[in-house]
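Student: Attaching a single structure in structure tokens format; questions to follow.
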Amino acid sequence: MKLLKCHVTAFGKLQNIDIDFTDGLNVFNYENGWGKTSLSVFLKAMFYGLKGGRLKNLNENEREKYKSWNYPGKTGGFVDFSHSGKCFRVERFFGSKESDDTVKLIDLNTGKEYTNNHDLGKRLFEIDEDGFLSTLFFSQSDLETKGVAGISAKYNSAVYSVDDDSFTEAVKSIDDKVKTLVKTGGKGIIAEEKNKIAECNKMIERAENASEALKIVQNNYNAKKEEANALKKEIGKLNEQIIESGKVEANKLVLKRKKDLLNEINQSKTAIKNKETLLSGNDVSLEEIDAYIGVYKDYAEIKAKREVSSDSVSVMEKEIKGTKTKNPSVKIFVIILLLSIIVALSGIGFSFLSLVAGVIAGVLGTICAVADVIYYFFCRKKYKEADYRNSQRINAQRKIADDYRLIENKYKEKLDLFRSSFPLISGDYYDFLDTLKECVKDIQNENLLITNAENKIKELGNVKETFDEVETFDPETLRRTYKEKNEKLDAVNDALSKDKANIAYYENTAASLYDLENRKTELSESVKEHEEYYKLLLKTSEFLKSADEDVKARYRAPLENSLNKYISLICGTESAARIDTDLNITIEENGESKNVAYYSEGYKDLFNIAKRFALIDVLYEKDKPFVILDDPFCDFDEEKIANGIALIKKLSEEYQILYFVCHKSRT
């Protein structure tokens, strides 16, 4: 199988790159960061896809690590290769998850597309992805061989010419069947069936004892049934006695009620008699009393108005007395007049001395005398007018008060006349009328009570007043005994229900004896068959594993020879290495076997590279595949690097080798 060319659309930092491959050695010598590892992973991914899923470690999540950098298109590309004389193209593009991936396999000769692209790498290389990474893919970061299961399947295919997975699947199938039969912790089909047999034995023992238990429970059930019937009869008799006793109690209650009603009637009659005494034998109605209450209200209203009028007269008299115009005093006016005359006469005397002074004194005295006379008569008239008006107002208000008094007296006479018929009721008019009305109401209410009581007595009808025949029954004792019997009957019925359930259980258990014995026989036979099958599976597994060891032993010798050959070619000295069937290497040095773990990292890489080349020789004798070397000699010294390069040049005569390196010293 050889690679022809590839096109990287986008993968990691690689974008739109075309590469043509040649037979033999293909060297890719580029600086760090060019994308050599990305290209090697791209070639692997075209056949096996990308790992990723939900892994958080970026070095383990290839899908996340190698998605295109700043490229808007899809991640992926195609590879053209030859296989079994035909040319093919595998085209694969990757999404964010595996279900989004697309893969196509095209026959370049016919142009036809294959529909079955599942496990493409495994079908082409006859080895799974881990096996591919452990043989044909040399990574500088991990040269250890890990895909032992896939490599073993490839060995079996090479030796027996069978399907790669047939042996592994056969061993796994047998181991899975063994685990279903016998599991750790006392589990598995055989243990479960033995547990079921033990359970059957317990149930058979219970079934055998069920018949005897059934007889005991049946006898208890019958005895309790008789007890329940007897209790029912007693309860029935007690019920009749309680009913009869109830009738007596009811009659007694009726008699007591009648007596209470008669007492109520007598009390009402006594109350009526007392009220009628207050009425002094007069028959008066509430309507008549309400009419007199109306008269009283009119009387009270007129009386209030009369009192207001009388009070108004008193108030007016006080106001007039306080503001009354005084009658002018005659003495003052006479004195003023005499003085005025004296002034006038003195003017005549002054005229002899001074005519002007005499005239002025005479005129002034005359004017004062005339004014005094006029003012006196004016005040006299004003006083008489004011006195007349005040007298008119007071007389008018007194007349109103007198009119109210006349009406008031009429109402009072009417009320006094009505009141005189009830001398035993005291108090003013209001209290008298209120007491009278309440008295009439009480008489009516008492009469109504008497009527209702008499009707109730009629409704109660006639009852016995003696109960000699049933007086021996104590109602309280009967009720207590009735309750106790019912509680006992309930307890007996509960016990009967439990016994009935037990009878059904024992009957079913006894009836299941035959089925249980058959079930035990079936389980015992099944356990025997499974134990024999378990022994057979163990022997078969032992035989297959022994055969597998024989197969591995057959290819161990040529694998060990190739391993020593490649170690010697790289080291330049003879090698005495051994490899077991699990691909573990030991080195014989100075007569002592040492595990490779004792050696330096450089030597470990050397041993692993030699082991990979040895595996390629053994696994791919017919169809030689391509080999990817991603700078595997970076930890070697100069001599081993030179030997390693010479080795790959020699191997390139048989294999197509893709050698990725970043330094000229390793080319």
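The values are calculated or read from the model by the stated rules, or taken from the named source; none is laboratory data. On a predicted model such as this, the values are computed, not experimentally measured, just so you know. Positions of Cβ are generated from backbone atoms using ideal geometry, with glycine treated the same way; all protein chains shown enter the neighbour counts. Only protein heavy atoms, including side chains, enter the accessible area calculation; ligands, DNA and RNA are left aside. Shrake-Rupley method; radii C 1.70, N 1.55, O 1.52, S 1.80 Å.
Student: Among the listed residues SER568, SER593, identify the single one that is free of Cβ contacts under 8 Å to residues at least 40 places away in the same chain, surrounded by fewer than 20 Cβ atoms within 10 Å (Cβ to Cβ), in a helix (DSSP H, G or I) and among the polar types (S, T, N, Q).
Tutor: Step by step, each of SER568, SER593 is checked, and only SER568 is free of Cβ contacts under 8 Å to residues at least 40 places away in the same chain, surrounded by fewer than 20 Cβ atoms within 10 Å (Cβ to Cβ), in a helix (DSSP H, G or I) and among the polar types (S, T, N, Q).
Let's see how each residue does on (1) open to solvent by 10 Å² or more (accessible area, probe 1.4 Å); (2) in a helix (DSSP H, G or I):
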position: LEU606; (1), (2): no, yes
position: VAL618; (1), (2): yes, yes
position: LEU629; (1), (2): no, no
position: PRO632; (1), (2): no, no
position: ASP635; (1), (2): yes, no
position: LEU647; (1), (2): no, yes
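Student: Could you go through the range 369-376 and let me know if any residue there is charged (D, E, K, R) and under 30 Å from LYS318 (Cβ atoms). So that I can check it myself, show each step before the final result.
Tutor: Just the residues of the range 369-376 that are charged (D, E, K, R), to begin with: 372.
From what's left, under 30 Å from LYS318 (Cβ atoms): none.
No: the range 369-376 contains no residue that is charged (D, E, K, R) and under 30 Å from LYS318 (Cβ atoms).
Student: Name every residue in the range 494-514 that is hydrophobic (A, V, I, L, M, F, W, C) and closer than 22 Å to CYS200 by Cα, in order of residue number. Show your work before the answer.
Tutor: If we filter the range 494-514 for residues that are hydrophobic (A, V, I, L, M, F, W, C), which is where we start, we get 495-496, 501, 503-504, 510-511, 513.
The answer is ILE503, ALA504, ALA510, ALA511, LEU513.
Student: Identify, from the list VAL217, VAL182, the residue that is under 17 Å from LYS535 (Cα atoms) and in contact (Cβ under 8 Å) with a residue 24 or more places away in the chain.
Tutor: VAL182
Student: Just give me the residues in the range 1-30 being of a type in the set (S, T, N, Q), surrounded by 17 or more Cβ atoms within 10 Å (Cβ to Cβ) and more than 59 Å from the chain's Cα centre (by Cα), in sequence order.
Tutor: Correct list: ASN26 only.
Student: Okay, moving on. Would you check which residues across the range 306-325 are open to solvent by 80 Å² or more (accessible area, probe 1.4 Å) and at pLDDT 80 or above and list them? Break it down into steps so the answer makes sense when it comes.
Tutor: First, pick out the residues of the range 306-325 that are open to solvent by 80 Å² or more (accessible area, probe 1.4 Å): 308, 311, 318-319, 321, 323-324.
Matches in the range 306-325: VAL308, ASP311, LYS318.
Student: Residues to consider are LEU563, LEU544, LEU538; find the one that is within 60 Å of the chain's Cα centre (by Cα), modelled with pLDDT of 80 or more, within 30 Å of GLU169 (Cα to Cα) and assigned to a helix (DSSP H, G or I). Spell out how you get there, then give the answer.
Tutor: Numbers: LEU563 fails: within 60 Å of the chain's Cα centre (by Cα); LEU544 fails: modelled with pLDDT of 80 or more.
Being within 60 Å of the chain's Cα centre (by Cα), modelled with pLDDT of 80 or more, within 30 Å of GLU169 (Cα to Cα) and assigned to a helix (DSSP H, G or I) holds for just one of LEU563, LEU544, LEU538, which is LEU538.
Student: A further question follows. With the checklist (1) within 26 Å of MET46 (Cα to Cα); (2) surrounded by 19 or more Cβ atoms within 10 Å (Cβ to Cβ) in hand, flag the one item ILE585 doesn't pass.
Tutor: It fails just one condition, (1).
Student: Looking for something out of contact with any Ser or Thr (no Cβ under 9 Å at 6 or more places or on another chain), of a type in the set (A, V, I, L, M), free of Cβ contacts under 8 Å to residues at least 40 places away in the same chain and within 19 Å of LYS437 (Cβ to Cβ) - is there at least one such residue anywhere in the range 275-298?
Tutor: Within the range 275-298, one or more residues are out of contact with any Ser or Thr (no Cβ under 9 Å at 6 or more places or on another chain), of a type in the set (A, V, I, L, M), free of Cβ contacts under 8 Å to residues at least 40 places away in the same chain and within 19 Å of LYS437 (Cβ to Cβ).
Student: Identify, please: which residue in the range 130-142 is assigned to a helix (DSSP H, G or I), under 16 Å from PHE626 (Cβ atoms) and not hydroxyl-bearing (Ser, Thr, Tyr) and is, among those, modelled with the lowest pLDDT?
Tutor: Going through the qualifying residues, I end up with GLY131.
Residues are listed down the side, and each one gets a yes or a no for (1) touching a Ser or Thr at 6+ places or on another chain (Cβ under 8 Å); (2) at pLDDT below 90; (3) among the small types (Gly, Ala, Ser):
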{"residue": "MET46", "(1), (2), (3)": "no, no, no"}
{"residue": "GLY52", "(1), (2), (3)": "no, yes, yes"}
{"residue": "GLU60", "(1), (2), (3)": "no, yes, no"}
{"residue": "ARG63", "(1), (2), (3)": "yes, yes, no"}
{"residue": "TYR66", "(1), (2), (3)": "yes, yes, no"}
{"residue": "LYS74", "(1), (2), (3)": "yes, yes, no"}
{"residue": "VAL79", "(1), (2), (3)": "no, no, no"}
{"residue": "SER84", "(1), (2), (3)": "no, yes, yes"}
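Student: Moving on to the next point. Residue by residue through the range 97-129, note down the ones that are surrounded by 12 or more Cβ atoms within 10 Å (Cβ to Cβ) and in a helix (DSSP H, G or I).
Tutor: GLU98, LEU120, GLY121, LYS122, ARG123, LEU124, PHE125, GLU129
Student: Say we look at the range 244-281 and pick out the residues that are open to solvent by less than 60 Å² (accessible area, probe 1.4 Å) and assigned to a loop (DSSP other than H, G, I, E, B); which of these is farthest from LEU448 (Cα to Cα)?
Tutor: SER280
Student: Next question, about the same structure. Please specify each residue of the range 75-90 satisfying the condition of being buried (at least 17 other Cβ atoms within 10 Å of the Cβ) and in contact (Cβ under 8 Å) with a residue 40 or more places away in the chain.
Tutor: Matches in the range 75-90: THR75, GLY76, GLY77, PHE78, VAL79, ASP80, PHE81, VAL90.
Student: Here's a check for you: in the range 451-476, which residue that is part of a helix (DSSP H, G or I), open to solvent by less than 50 Å² (accessible area, probe 1.4 Å) and not small (Gly, Ala, Ser) is modelled with the highest pLDDT?
Tutor: Looking at residues that are part of a helix (DSSP H, G or I), open to solvent by less than 50 Å² (accessible area, probe 1.4 Å) and not small (Gly, Ala, Ser), I get ILE457.
Student: When only residues in the range 350-404 that are under 17 Å from ILE336 (Cβ atoms), among the β-branched types (Val, Ile, Thr) and surrounded by 11 or more Cβ atoms within 10 Å (Cβ to Cβ) count, which is modelled with the highest pLDDT?
Tutor: Filtering first and then ranking leaves ILE367.
Student: Taking LEU3 and the conditions (1) closer than 21 Å to LEU133 by Cα; (2) at pLDDT below 95, which numbered condition does it fall short on, given that it satisfies the others?
Tutor: For LEU3, the failing item is (2).
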